[in-house]
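The values are calculated or read from the model by the stated rules, or taken from the named source; none is laboratory data. Remember, predicted model here, so these are calculated numbers, not experimental data. Glycine gets a Cβ as well: all are built from the backbone with ideal geometry, and neighbour counts include every protein chain shown.
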Amino acid sequence: MDLLLHDRTYLVTGGSSGIGDATIALLLAEGANVVTCARRPDVLAAAVARWSAPSGRVVAVPADVRDPDAMAALVADAERAFGGLDGVVNNAGQSRMAGLDKVGLEDFRDELDLKFSSVLNVVQPALRLLEHSPVASVVTVNAVLAKQPETRLVTTSAARAGLLNLTKSMSVEYAGRGVRVNSVCLGLVDTGQWRRRYESSGTEEDFATWERQIAADRGIALGRFGHADEVAHAIAFLLSPRSSYVTGAALDVCGGVARGIF
Ligand SMILES: NC(=O)c1ccc[n+]([C@@H]2O[C@H](COP(=O)([O-])OP(=O)(O)OC[C@H]3O[C@@H](n4cnc5c(N)ncnc54)[C@H](OP(=O)(O)O)[C@@H]3O)[C@@H](O)[C@H]2O)c1
């Protein structure tokens, strides 16, 4: 199926690794232009080299999604390079492992800054460009945690729930401006996040054995972690005009770890 993304322009935050990296590789393969950011310039430059995109199709800027001025500048870069924007993927972030006994108010503020305000930092300046696109779509990368909190990830769960709620409001508010807004709710996906946890776990098992054990402990119906490109395909579908009647949806991409039926 042609996703009709050819010559469209997408801003994907956190593009240097994992889900952002896989999404950008897919968008480029579909003939789209991409604007992206991540904090570490060297890791971002390595990703750009890996994509080996046709010249002029990628703008990659070292920037932090928590910085509203930097995000407004990134949107301006998209306009300068490609004349507009057809979609945004709010992807940058990482989870924070800690229970209530280990966190204070400052930790909740930090997490809301990264997972909640960051989305406003990007979408608000992008809106004036998106509303000129006939196929405008925003996809927010969220987690099953938003609906199914885990006490060992208390700040992340709370911030994710707020973000899911915000994303729904955006879908209603922006529908009249021709912009669809959806979420993907992830379970456990094999990316930089989980490789870092594996390396710091001290286990002598190989990654595949360690992963299968966690999948069994967490009750993942499909018995394994997801792959970044499996998430990328879900994101690309929600960006695509092929999903033109889908807005305000939260699509679980979680191998069946979500327990609820909504
Ligand atoms: N993997 C999972 O199991 C899972 C589950 C649920 C939700 N998620 C969410 O999925 C999204 C992608 O994560 P991933 O698993 O692909 O992790 P990843 O491989 O660690 O990639 C995270 C990307 O975001 C960038 N990033 C992190 N903080 C940033 C910031 N403040 N400003 C700009 N860029 C930033 C990172 O680059 P720099 O570090 O250089 O900035 C990197 O490019 C995250 O929002 C994560 O919370 C992942």
Check segment 65-81 and report whether any residue there is touching a strand residue (DSSP E or B) at 6+ places or on another chain (Cβ under 9 Å), in a strand (DSSP E or B) and over 21 Å from Pro134 (Cβ atoms). no
Over segment 50-106, the set of residues among the charged types (D, E, K, R), over 24 Å from Asn121 (Cα atoms) and within 16 Å of the ligand (Cβ to nearest atom) is Arg50
With a cut-off of at least 1 residues that are among the β-branched types (Val, Ile, Thr), name the helices (runs of 4 or more DSSP H) lying wholly within segment 175-262. 207-218, 228-239
Could you tell me how many of the residues in segment 1-49 are assigned to a strand (DSSP E or B), more than 10 Å from the ligand (Cβ to nearest atom) and closer than 16 Å to Val139 by Cα? 5
Residue check, Ala45 touching a residue at least 12 places away in the same chain (Cβ under 8 Å) and touching a Cys at 6+ places or on another chain (Cβ under 9 Å): no
Gly56 - would you say it is at positive phi, in contact (Cβ under 8 Å) with a residue 60 or more places away in the chain, surrounded by fewer than 24 Cβ atoms within 10 Å (Cβ to Cβ) and of a type outside the set (Asp, Glu)? no
With respect to Ala158, determine if the residue is near the ligand (Cβ under 10 Å from one of its atoms), under 22 Å from Glu111 (Cβ atoms), touching a residue at least 40 places away in the same chain (Cβ under 8 Å) and not aromatic (Phe, Trp, Tyr). no
Extreme residue, farthest from the ligand (Cβ to nearest atom), among residues of segment 161-200 that are charged (D, E, K, R) and surrounded by 18 or more Cβ atoms within 10 Å (Cβ to Cβ): Arg180
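Which of the following residues is of a type in the set (Val, Ile, Thr), closer than 25 Å to Gly178 by Cβ and over 14 Å from the mean Cα position of the chain (by Cα): Val65, Val75, Val61?
Val75
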Quick check on this structure: which one of Ala228, Ala146, Ala234, Ala158 is touching a Cys at 6+ places or on another chain (Cβ under 9 Å), at pLDDT 95 or above, within 19 Å of Gly93 (Cβ to Cβ) and not polar (S, T, N, Q)? Ala146
Got at least one residue in segment 220-228 being in contact (Cβ under 8 Å) with a residue 24 or more places away in the chain, within 30 Å of Tyr174 (Cα to Cα) and touching a strand residue (DSSP E or B) at 6+ places or on another chain (Cβ under 9 Å)? yes
Right, Asn165: of a type in the set (S, T, N, Q) and assigned to a strand (DSSP E or B) or not? no
